[in-house]
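Structure first, then comments.
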Amino acid sequence: SEGPEIQLSKDEQKVKVCSALVKRYDGNEKKLNLAEFHQDPDMSGMKRKLFEISGILGELIAEKCADLVVEIDFSNNNLKHAGCLRGILTACKVVTRVKLDNNRINTLLDIKTVEK
């Protein structure tokens, strides 16, 4: 079960998110696996839904791995809209594949809003 959410500074949140990202990056295939990100144990005690922390994710990617991510998997995140992904995808300078399987995005038009 989830522990209580505690108020963390933005820097503390970035440290937690960064440690989760490091484990989810496959350097051989240049893939970032953000599937079921809200379930990541490193995210306990803080807001962890992708749409809640997309700004922090975008900042970290821009700072640390903007040229290293070719594919991102956003599957199984209960996303209703793709708009929250724009900052993450904008930070990734070389991304060519995005997976959105098993989310709740209803329209292709919504997905097109995040196209580069």
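Which residues, counting only those in the stretch 44-91, are buried (at least 16 other Cβ atoms within 10 Å of the Cβ), part of a loop (DSSP other than H, G, I, E, B) and in contact with a Ser or Thr (Cβ under 9 Å, 6 or more places away or on another chain)?
Matches in the stretch 44-91: HIS81, ALA82.
Any chance you could count how many residues in the stretch 23-76 are free of Cβ contacts under 8 Å to residues at least 12 places away in the same chain and out of contact with any helix residue (DSSP H, G or I) (no Cβ under 9 Å at 6 or more places or on another chain)?
Looking only at that region, the number is 3.
From LYS14, LYS23, grab the single residue that is open to solvent by 20 Å² or more (accessible area, probe 1.4 Å), part of a helix (DSSP H, G or I) and at pLDDT 95 or above.
Numbers: LYS14 fails: at pLDDT 95 or above.
Being open to solvent by 20 Å² or more (accessible area, probe 1.4 Å), part of a helix (DSSP H, G or I) and at pLDDT 95 or above holds for just one of LYS14, LYS23, which is LYS23.
The values are calculated or read from the model by the stated rules, or taken from the named source; none is laboratory data. This is a predicted model, so every value here is computed, not measured. All Cβ positions, glycine included, derive from the backbone under ideal geometry; neighbour counts span all protein chains shown. To get the accessible areas, we keep the full protein, side chains included, count just its heavy atoms, and leave off ligands, DNA and RNA. Shrake-Rupley method; radii C 1.70, N 1.55, O 1.52, S 1.80 Å.
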